[in-house]
Structure formats: structure tokens, C-alpha cells
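Read through the structure below, which is laid out as C-alpha cells, and then see the notes.
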Amino acid sequence: MSELSVNSVKALGNKLFSNIKSEKEVVLLNVAPSLYFKALNEVMRLLTAAGEGIYIALNKPCASLDKQLRKAGIFTENIRYVDCNTRQFGGHELEDPRYVFLESPNPVQVIVTVDRLLRELNSDFKFVYIDSLSTFTLYKSQESLVKFLRQLTGKTRIHGTFCVITVLENEIDPQHLSQLSLLCDSLIEVR
């Protein structure tokens, strides 16, 4: 696994692009909280320009995310959202074929949904973006997090899909972060 620390969001875009070109399949982004939104926008700008994919929304309802990304000038029509928030908090589910609403961030539901959606995508370049794995630890143990990621990265690799997993710096203990990084081809530290 390659590891790189970047000190600018532009450098993140360049490093991510080189990972795509070298056909690395799973990238773990360890992002400083102060750079989170800038990093998110840069990653999504790059991924959506390359193809279509799935955004696993663990932090915000997908309608809010879609609005935020569009406001940043990112083309969102080729993103399918797996929303793990709206139903859980009793929000209004918008009628949009790009949105899939789950009851909660249940690992089995997420993996089954991602597998189904990957089969529906028609692009040569497909991606899965997980935002943010740190949130998953609010609902499940860090051991469950590692098991979930093992299953999910296995699915994305089988489908030949580029996967970006975001964690917030210092939100996952070092032992589990090491285990997570073993499942990835590249680790990018964004500080």
C-alpha cells in the first residue's frame, strides 16, 4: 500500500487522479476536519468527471448533499445516493430515482444496496464514495467497521469499481485505522 501526506486540496486531486490512472482500486483518505468540505468537493469533482458512481451518505441526507455539491459546481446527475439518514431521523424522502433510502447505516443493507446499484451503473469508470466512515462508529463497534469495510471493498473490487473511503483524522483509533489501511491500496493523509 502506498502512503502519501498532502498539504493542499489541489495535491489531493493530483494524487487521487494518479491512483485512478494506476488502477488502484481502494483509497483511504484520512482528512483533517478543517479540510473536510474542501477535500469532499475536490474528490467528487474528480470522480464525477471520470464516470458515475455511488455516494454512501452516513453524515447528511442525500438531498442536502446533492444541493451542497451542486452549489460547489459539481455535476451530480451521475451520482446515486445511498441515504442512511433521512428515514432514521423521520425526514421527507424526495422522489428522485438517484436516491435510495435505508432505515439506518445497517452494514448488510448498505452492502446489498451498493451491490445492486453497481450492477445498474453503465459507465466504464464506476466509483463508490463513503462519507464518512468515522460516523459508522457511532452506530457500530470499530471491529464491526472493519468487517463492514472488508465486505464492501470485496464487492467493489469484484465489480472493478474505484472506491474512496473517508475518515476524519483521529476519529478512529490507530489499531483499527491500521486494519482499515490493510484493506486499501493507498492511504492519503490530508492535512
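Where a number appears in this text, it was derived from the coordinates with a stated rule and is not lab data. Model, not experiment: these values are computed from the prediction. Counting neighbours? That spans all protein chains shown, and the Cβs are built from the backbone with ideal geometry, glycine included.
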Would you please give the FRET efficiency between ASN14 and SER64, computed as 1/(1 + (r/R0)^6) with r the Cβ-Cβ distance and R0 = 45 Å, to the nearest 0.05?
0.95
Just to be sure I follow: if Rg is taken over the C-alpha atoms of the stretch 104-166 and Rh is the Kirkwood radius over the same atoms, what is Rg/Rh?
0.96
Over the stretch 2-190, equivalent-ellipsoid semi-axes from the Cα gyration tensor in Å
22, 19, 17
With the contact rule set at Cα under 8 Å and sequence spacing of 6 or more, what percent relative contact order holds for the chain?
38 percent
Net length gained if the chain between ASN170 and LYS155 were fully extended (0.36 nm per residue, minus Cα distance)
2.7 nm
Within the chain, helix-based [θ] at 222 nm, where runs of 4 or more DSSP H residues each add -39,500 (n - 2.57), nearest 500
-13000 deg cm²/dmol
Ordering of 161-173, 61-73 by packing [mean C-beta count within 10 Å, highest first]:
161-173, 61-73
Charge dipole magnitude, Cβ of K and R +1, D and E -1 - the chain, Cα centre, debye nearest 20:
220 debye
To the nearest Å, what is the center-to-center distance of the stretch 16-74 and the stretch 85-128, using C-alpha atoms only?
16 Å
Which part of the stretch 156-178 falls in the paramagnetic zone of GLU143, meaning amide N under 16 Å from the point 7 Å along Cα-to-beta-carbon?
173, 175-177
Starting from the Cα of PHE89, move 7 Å in the Cα-to-Cβ direction to define the label point; list residues of the stretch 130-165 whose amide nitrogen is under 18 Å from there.
131-140
Relative contact order for the stretch 127-191 using alpha-carbon pairs under 8 Å, separation at least 6, rounded to a whole percent?
47 percent
